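**Q** The structure follows.
The numbers here are math on the coordinates, done by the rules we state, and not lab data. No experiment lies behind these values; they were computed from the predicted model shown. Cβ sites come from the backbone with ideal geometry, for glycine too, and all protein chains shown count toward neighbours.
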């Protein structure tokens, strides 16, 4: 940020200037302040107001921020806009391919994060097979259907959470699919440095008798919150994980809800646990400290990283397409010259 002075016909005019780094280059914004140099206090107010105006301009909404800065909000919106613009340039078949590929990757990652024994071939088969699915393929199909569900912009309430859980845990009957827990659960972090191979977290979920009341408060917060999408998504995951409403499958539900918060606000799907250990580290650190900021920062970092990966890959694909197209033109020209030479002879 900076205060810029422009001199026009000998007179000074003051502008407030903001610039944000994006994958495709910096994006700058300026706001006219006036002919009088603002005080430090006035400049701080101009900055605050200007950033809020930018958030409204970029999103069409008055998003709030708590653990994130307004700069984070603006930058996340700019990254989202970059993604959307590039995505819309793709052909329909390429957009479809991206949607399928990202859903497959998310499905595989979110299942294997919980040590569910599925592979890429199981997920791909779950997409195409009509009958005779193996158990691993059925588990994959259930998660694929859950991802399709969160893309449907359904209202989040307790019934919807139960439906999601019933869907993804349908093949795990002993884990009470579609039912809130009725017993105490304990949280552990697997750690090779521990003698038993795991340690109990300093934070433990509330008594099962409190789950419904806590979920009511969570659902109310989720549907009324004006938090910006990235922060809301991370806080939703963090808060729901702390409640731990199910006997099993809680993190899977949390990752679905995180992405529902993003998708409902025009953001793309994030494969949040693709970096498994840092994901667990951030989640545990936030839960044990009672502060979601560590997990929010991790979510923002992953969002930026995955958007960059998409944009860079698309740029490389275009270069490859250009080279291929150029090669085809050269070969066609050679063929034409060959035909011409034969004709001359």
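**Q** Specify which labelled value, from (1) -0.48, -1.20, -1.39; (2) -0.62, -1.19, -1.31; (3) -0.48, -1.06, -1.19, agrees with log10 I(q)/I(0) by the Debye sum over Cα atoms at q = 0.09, 0.14, 0.15 Å⁻¹ derived from the coordinates of the model shown.
**A** It is the value labelled (2).
**Q** Work out Dmax and Rg for the stretch 173-248 from the C-alpha atoms and quote the Rg first, both in angstrom.
**A** 14.8, 45
**Q** Residue 313 to residue 12: extension gain in nm, 0.36 nm per residue of separation minus the Cα-Cα distance?
**A** In short, 103.8 nm is gained.
**Q** Classify the stretch 257-323 as rounded, prolate or oblate from the Cα gyration tensor: take a ≥ b ≥ c as the square roots of its eigenvalues, call it rounded if a/c is under 1.5, otherwise prolate when a/b beats b/c and oblate if not.
**A** prolate
**Q** Which value, in nm² and rounded to one decimal, describes the direction-averaged projected area of the C-alpha convex hull of the stretch 13-143?
**A** 12.1 nm²
**Q** Sticking with this one: Quick one: Kirkwood hydrodynamic radius for the stretch 183-309, alpha-carbon pairs, angstrom, one decimal?
**A** Its Kirkwood hydrodynamic radius stands at 15.2 Å.
**Q** Would you compute, from DSSP H runs of 4+ residues alone, the mean residue ellipticity of the chain at 222 nm, taking -39500 (n - 2.57) per run and dividing by the full residue count, rounded to the nearest 500?
**A** Per the formula, -20500 deg cm²/dmol.
**Q** In nm, to one decimal, how far is the modelled label at residue 280 from the one at residue 207, with both set 7 Å along Cα→Cβ?
**A** About 3.1 nm, to one decimal.
**Q** Something else: Need one number: % antiparallel among DSSP beta bridges in the chain, to the nearest 5.
**A** 95 percent
**Q** Moving to a separate point now. State log₁₀ I(q)/I(0) for the stretch 2-62 at q = 0.17, 0.27, 0.30 Å⁻¹ as given by the Debye formula over alpha-carbon point scatterers of equal weight, solvent excluded.
**A** Ignoring solvent entirely, the Cα scatterers give -0.66, -1.13, -1.23.
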